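The values are calculated or read from the model by the stated rules, or taken from the named source; none is laboratory data. Here the structure is a predicted model, which means the values were calculated and not measured. Methodologically, a virtual Cβ is constructed for each residue, glycine included, from the backbone with ideal geometry; neighbour enumeration extends over all protein chains shown.
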């Protein structure tokens with residue numbers, strides 16, 4: 001399906017990731033006559049592209065970029081069974097498959113691919129860039145950088161509540177049973193992966209401002225991720241990143257603490273770091289959204305301009 005406006009067109013496409021179809025919406029500037037760089041985007045922990053990522057994509061395509069926004073296997077519009085299984089290695093595979101799909105598109109500059117990730121996906125783009133994925137730039141918005149720091153910020157009691165269904169899920173998976181699910185987000189005191197005071201209200205606002213009903217997408221994950229998230233620390237790969245990196249941090253982040261994120265960003269040789277006043281879910285919505293996305297556009301225009309520079313055209 002192809003949709004269009006005066007400024008851009010969109011098409012709903014698919015790419016293969018380890019034998020499973022992943023859904024991707026591709027935005028293309030209308031009337032583009034030159035090869036354009038591509039911004040590849042995915043959401044954070046247990047979330048789907050329909051939760052406000054399209055708002056960013058529309059700003060990027062209006063500035064002249066091709067944009068690919070995808071869902072991970074088992075989430076959103078992508079295929080994959082069982083559903084809602086958040087496997088870190090699988091999501092890295094999905095990222096590499098999505099980047100490969102972006103490079104295969106007509107009318108794109110295959111040498112200028114940008115990986116954009118937020119929250120858990122912010123950690124993913126740091127990881128894959130640090131592991132040597134050829135990228136022109138990365139944007140990591142409120143990124144997960146340290147598993148131990150994330151567990152500490154969750155609190156021992158809340159973390160232990162998540163471990164119990166996590167163990168049941170791992171045992172059940174080995175016996176061929178259906179997943180045991182846990183809420184991705186809930187209010188403090190409930191059993192969920194994120195229970196900071198701002199988490200539940202923040203997620204509901206993302207749902208409402210995306211024009212979705214509260215039951216449009218499951219807000220659960222297979223509980224097994226509770227046993228592995230503490231060991232996932234993308235910051236160990238940060239020093240290996242060669243491309244320019246924009247790292248956006250919020251000062252009152254109860255999920256990815258500011259100081260830990262700042263220390264990780266400081267190890268990236270070509271990093272641009274912005275710190276904003278707000279909580280983990282604030283960058284997606286106004287009033288902070290406009291500032292955050294404007295900084296992303298300024299970074300892209302500086303490091304990966306949508307049309308070739310004069311020196312490239314004449315070389």
Q) Using beta carbons and a limit of 9 Å, which pairs, at least six apart or on different chains, have the first residue in region 110-121 and under 16 Å from residue 293 (Cβ atoms) and the second one modelled with pLDDT under 95 and buried (at least 24 other Cβ atoms within 10 Å of the Cβ)? A) 119/255; 119/256
(Q) Which of the numbered conditions does residue 26 fail, given that it passes all the others? Conditions: (1) farther than 30 Å from residue 222 by Cα; (2) modelled with pLDDT of 95 or more. (A) (1)
Q | In region 105-117, residue nearest to residue 26 (Cα to Cα) [restricted to those that are outside any strand (DSSP E or B) and touching a strand residue (DSSP E or B) at 6+ places or on another chain (Cβ under 8 Å)] | A | 105
Q) All but one of (1) in contact with a helix residue (DSSP H, G or I) (Cβ under 7 Å, 6 or more places away or on another chain); (2) closer than 30 Å to residue 98 by Cα hold for residue 213; which doesn't? A) (1)
Q.
Give me the residue from region 53-85 that is surrounded by fewer than 23 Cβ atoms within 10 Å (Cβ to Cβ) and in contact with a helix residue (DSSP H, G or I) (Cβ under 6 Å, 6 or more places away or on another chain) and, out of that set, nearest to residue 184 (Cα to Cα).
A. 59
Q) What residue, among those in region 298-315 that are assigned to a helix (DSSP H, G or I) and over 23 Å from residue 262 (Cβ atoms), is modelled with the lowest pLDDT? A) 314
Q: Within region 83-104, count every residue that is in contact with a strand residue (DSSP E or B) (Cβ under 6 Å, 6 or more places away or on another chain) and either assigned to a helix (DSSP H, G or I) or under 17 Å from residue 18 (Cβ atoms) (or both).
A: 10
Q) For residue 80, are the conditions met, namely being within 14 Å of residue 47 (Cβ to Cβ) and at pLDDT 95 or above? A) no
**Q.** Matching entry among 159, 199, 245, 239 (being touching a residue at least 40 places away in the same chain (Cβ under 8 Å), out of contact with any helix residue (DSSP H, G or I) (no Cβ under 8 Å at 6 or more places or on another chain) and over 21 Å from residue 89 (Cβ atoms))
**A.** 199
**Q.** Filter result for the condition that a residue is surrounded by 14 or more Cβ atoms within 10 Å (Cβ to Cβ) and closer than 19 Å to residue 113 by Cβ, over 291, 267, 272, 256
**A.** 272
(Q) Checking the structure you have, find out if any residue of region 146-165 is modelled with pLDDT of 95 or more, more than 30 Å from residue 267 (Cβ to Cβ) and in contact with a strand residue (DSSP E or B) (Cβ under 8 Å, 6 or more places away or on another chain). (A) yes
